[in-house]
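The values are calculated or read from the model by the stated rules, or taken from the named source; none is laboratory data. Predicted model, so just to flag it, every value in this text is computed and none were measured. Neighbour counts are summed over all protein chains in view; Cβ atoms, including those assigned to glycine, are modelled from backbone coordinates with ideal geometry. Surface accessibility is based on the protein's heavy atoms, side chains included, excluding ligands, DNA and RNA. Shrake-Rupley method; radii C 1.70, N 1.55, O 1.52, S 1.80 Å.
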Amino acid sequence: MDLLSVASGTFSCQTEEACEDVLLKLRWSNGFHCPACDHHEAFSIRTRKLLECKECRMQVSITAGTIMHKSRLTLLTWFKAIQILFEQGAEVTAYGLAELLQINYRSAKLLIQKISLAFNVQEARLVALQTMKSSRSESVRTIPAAPKRTINLGEPFDLKAYVESKSSHSDIKSVLKSLVSIYLYPRFLKCFQL
């Protein structure tokens, strides 16, 4: 889930249904795809915030794989909390958030912890990806004998070419570790809707 788009207020949610629609668009930007059979059509079960695949009948939660999963708070409360935390930053306390959203202190404290953790993870992934891209572009410039294929960021990612270019410059174990944590893990989560 893209916290910055929710926090910036580009998606203004006034009702629970609007929040569900925004979350659906953020999770499945190209339309729903079943994690089990990859079918692209589903029934909406509004009472339980579920989508049921028309082909295999697998039920997928709208909030599964997000910080909102298995929370008893409404999506509207979550979206308001994200917007408040990004607008006011570190000035918001758990007690102040509890008063603003009319929830108890423990729920507000948990909201702050989960949202800040999600933002820190997203920020760390972006920084790591940027350093990986910059180190890749620097290694192509400094090495006189360039590899046969260079990696163009506009094309689909070629794992074999990336590993070949990195294997001669650094330890293969660290390269694979960074590749899995930065590139493949988010793709895995997106593919299986976790």
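Overview of values
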{"quantity": "Residue selected from region 85-96 under the condition modelled with pLDDT of 90 or more and touching a helix residue (DSSP H, G or I) at 6+ places or on another chain (Cβ under 7 Å), by the criterion surrounded by the most Cβ atoms within 10 Å (Cβ to Cβ)", "calculated": "A94"}
{"quantity": "Evaluation of L50 against (1) farther than 18 Å from L117 by Cα; (2) under 20 Å from the mean Cα position of the chain (by Cα); (3) open to solvent by 50 Å² or more (accessible area, probe 1.4 Å); (4) touching a residue at least 12 places away in the same chain (Cβ under 8 Å) (one fails), failing number", "calculated": "(3)"}
{"quantity": "Number of positions in region 55-73 that are open to solvent by 80 Å² or more (accessible area, probe 1.4 Å), on the phi < 0 side of the Ramachandran plot and assigned to a loop (DSSP other than H, G, I, E, B)", "calculated": "2"}
{"quantity": "Cross-chain or 6+ apart pairs with Cβ under 9 Å, region 75-99 first and on the phi < 0 side of the Ramachandran plot, then of a type in the set (D, E) and surrounded by fewer than 17 Cβ atoms within 10 Å (Cβ to Cβ)", "calculated": "L75/E16; L76/E16"}
{"quantity": "Some residue of region 106-126 being modelled with pLDDT of 85 or more and part of a loop (DSSP other than H, G, I, E, B)", "calculated": "no"}
{"quantity": "Flag for E99 being at pLDDT 90 or above, in a helix (DSSP H, G or I) and open to solvent by 70 Å² or more (accessible area, probe 1.4 Å)", "calculated": "yes"}
